[in-house]
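Single-structure report; data block below.
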Amino acid sequence: MEEYLKIIQQGPFSPTWESFRQFKCPQWFLDAKFGIWAHWGPQSVPMYGDWYARNIYREGEPQYYYHWRKYGHPSKVGYKDIVQMWKVEKFNPEELIDLYIQASAKYFVA
């Protein structure tokens, strides 16, 4: 861990507001009109939005009711079980990025 801290400390910024204010956003990013941001992980299994792992345990949240209807009560089938369902054998990153390029995306964030 100390090795990583040394690398970070050698970077162009120090942990101060003054240093951070010197940051200039790259021109290519300012010029980009469209980028794609995507979740790719176990929460892709239920396909029911952000905070799924948290909200399935919070009665009243939409994910809670969805999870209960589809998988069962979270006390019996929890997020640990969703993680086991996530498979990546059909993942093709080159094909996915080609699709994003065809859509005119200038950046991708995972």
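Read-outs throughout are calculated quantities, based only on the coordinates presented, and are distinct from any laboratory measurement. All figures in this text were calculated on a predicted structure; none of them were measured in a lab. Virtual Cβ from ideal backbone geometry, glycine too; neighbours counted across all protein chains shown.
Add +1 for every Lys or Arg and -1 for every Asp or Glu among the other residues with Cβ under 12 Å from the Cβ of Tyr100, and state the total. Walk me through the numbers on the way to the answer.
On the way: positive: Lys106; negative: Glu94, Glu95, Asp98.
Residues near Tyr100 contribute -2 overall.
Treating the Cα atoms of the chain as identical point scatterers in vacuum, please give the log10 of the normalised Debye intensity I(q)/I(0) at q = 0.20, 0.22, 0.23 Å⁻¹, two decimals. One equal scatterer on each Cα of the chain leads to -0.98, -1.05, -1.10.
At an R0 of 30 angstrom, the distance between the Cβ atoms of Gln84 and Glu3 translates into a FRET efficiency of 0.30. Bridging of Lys70 to lysines at a Cα separation below 19 Å is possible for Lys80, Lys87, once same-chain residues fewer than 8 apart are set aside. Working from Cα pairs under 8 Å separated by at least six residues, relative contact order for the chain is 35 percent. Whole-Hz Karplus values for segment 12-26 come out as x, 10, 10, x, 9, 5, 4, 5, 5, 5, 7, 5, 10, 5, x Hz, taken residue by residue from phi with 6.51 cos²θ - 1.76 cosθ + 1.60 and θ = phi - 60°; glycine and proline positions read x.
Proximity of backbone amide H atoms, modeled 1.01 Å from N, is registered between Phe108 and Ile36 at under 5 Å, excluding neighbours fewer than 5 places apart on the same chain. Per-residue Karplus couplings for segment 79-88, computed as 6.51 cos²θ - 1.76 cosθ + 1.60 with θ equal to phi - 60°, are listed in order as 5, 4, 7, 5, 4, 5, 7, 6, 10, 10 Hz, Gly and Pro entered as x.
Tell me, in nm to one decimal, what length is gained between Trp40 and Glu59 on full extension, where the rule is 0.36 nm per residue of separation less the Cα-Cα distance? Intermediate results must be reported in sequence, preceding the final value.
Details: separation 19, 0.36 × 19 = 6.84 nm, distance 2.52 nm.
Extending this stretch completely gives an extra 4.3 nm.
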